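Below is one structure, written out as structure tokens; the observations come after it.
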Amino acid sequence: MSSPTSMPATRHAAAAEAFGASPVLPDADDRTRDRVLSAVLENGPVSAAELGDLLGFTPAAVRRHLDHLERSGVIEVKRVAKAGSGAGRPARRYVLSSQGQSKLGDDYLNIASSALRRLQELAGEDAVREYAEERFSDMERRYAPEVEAAGDDITARAMALSKALSRDGFVASAHSIEAKAPLPAALSSVQLCQGHCPIQRLAAEFPVFCDTETKVFSRLVGVDVRRLSTLAQGGHVCTTHIPTGRPAATASPDVAEQPGNPYQESNNQQERP
């Protein structure tokens, strides 16, 4: 997959050549904004200070580029409260907007959406579900050897799944969260995040795609998992909760809905405009 850093500049140059014009090379500001946009995609929700550290920019420089990208509509600010941070004001974090997501390669989704609507009309919802299952069965076949090679440890399997997803362009990351007293160890988990979905608008119209993908993740890691948010439903990332503090053979309850879950408030805050 081409680096997101080079996407906008490459497209502009290709478009210019297609119409017989000499391509205009991007200036330093354009290249820098592309780097900032790429970093937001890969690390969001991320603060301006964190971006500055990642990219080696001064706070003033990174904020200038963030302001430009926000005015352009490709990124937006989310107010995020960390679990256990008290009653302070939620921090400003930058994420890709829906417009920003749509710039990353969904040119054929309108055709696919029309085709699926017609399929649904002619053959019913079961036909759409079967199509979704067939589509994700290929993912499952390809990912299974990598995940199995990670062994029986659920955390290791989740990390292997994250790497496979990133290779396919989902900009995935996995973060291990250990439950600390007085919380029970059974609440330990891995938060699997996907910063990009190539079928986001399609999944918004046909949620069966998200449901099917979630079931595939569950079978791959070997434990019941729960989706906490999806890009298709307005989240800034797709977040999958993978419990690691209980045996894989035990069906896990929906941890996101348990009283006292330290991540529930944080996730809800992320979904607010």
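Couple of notes before you dig in:
- Some residue of the stretch 44-65 being under 28 Å from R201 (Cα atoms), in a helix (DSSP H, G or I), open to solvent by 40 Å² or more (accessible area, probe 1.4 Å) and at pLDDT 70 or above: no
- Selection from the stretch 227-245 of residues that are open to solvent by 30 Å² or more (accessible area, probe 1.4 Å) and over 17 Å from the mean Cα position of the chain (by Cα): T244, G245
- Here R141, R157, R135 are screened, and the one residue that is under 23 Å from the mean Cα position of the chain (by Cα) and free of Cβ contacts under 8 Å to residues at least 24 places away in the same chain is R141.
- Figure legend. Inter-residue proximity from the stretch 51-68: first residues at positive phi and without any contact (Cβ under 8 Å) to a residue 12 or more places away in the chain, second residues part of a helix (DSSP H, G or I) and open to solvent by 60 Å² or more (accessible area, probe 1.4 Å), beta-carbon distance below 9 Å, spacing 6+ or different chains. No pairs are indicated.
- For the stretch 177-204, residues that are surrounded by fewer than 14 Cβ atoms within 10 Å (Cβ to Cβ) and not in a loop (DSSP other than H, G, I, E, B) total 1.
- No other residue among E140, E148 is open to solvent by 30 Å² or more (accessible area, probe 1.4 Å), within 19 Å of C238 (Cα to Cα) and of a type outside the set (A, V, I, L, M) apart from E140.
- Output for the stretch 78-109, where each listed residue is modelled with pLDDT of 75 or more and either assigned to a helix (DSSP H, G or I) or closer than 18 Å to R35 by Cα (or both): R93, Y94, V95, L96, S97
- Unmet requirement for S266, which otherwise passes all of (1) over 21 Å from I154 (Cβ atoms); (2) modelled with pLDDT of 90 or more: (2)
- Any hit, the stretch 231-239, residues being in contact with a helix residue (DSSP H, G or I) (Cβ under 7 Å, 6 or more places away or on another chain) and of a type in the set (A, V, I, L, M, F, W, C): yes
- Where S162 falls short, out of the listed (1) buried (at least 17 other Cβ atoms within 10 Å of the Cβ); (2) more than 15 Å from R219 (Cα to Cα); (3) at pLDDT 85 or above: (2)
- Which listed residue, of D224, D211, is on the phi < 0 side of the Ramachandran plot, assigned to a helix (DSSP H, G or I) and open to solvent by 10 Å² or more (accessible area, probe 1.4 Å): D211
- Among the residues making up the stretch 149-165, those that are over 16 Å from S189 (Cβ atoms), out of contact with any Asp or Glu (no Cβ under 9 Å at 6 or more places or on another chain) and among the aliphatic types (A, V, I, L, M) are A149, A150, L165.
- The residue pairs whose first member lies in the stretch 115-129 and is without any contact (Cβ under 8 Å) to a residue 24 or more places away in the chain, whose second member is surrounded by 10 or more Cβ atoms within 10 Å (Cβ to Cβ) and of a type in the set (S, T, N, Q), and whose beta carbons are closer than 9 Å, counting only pairs six or more residues apart or on different chains, are A127/Q120.
- Being farther than 27 Å from E42 by Cβ and of a type outside the set (K, R) is a property that G124 has.
- If you go through the stretch 59-74 and keep only what is touching a Gly at 6+ places or on another chain (Cβ under 6 Å) and hydrophobic (A, V, I, L, M, F, W, C), you end up with V62, V74.
The values are calculated or read from the model by the stated rules, or taken from the named source; none is laboratory data. What you see is a predicted model; the values in this text were computed from it and never measured. Positions of Cβ are generated from backbone atoms using ideal geometry, with glycine treated the same way; all protein chains shown enter the neighbour counts. The protein model used for the area step is the full one, side chains on, heavy atoms only, and it has no ligands, DNA or RNA in it. Shrake-Rupley method; radii C 1.70, N 1.55, O 1.52, S 1.80 Å.
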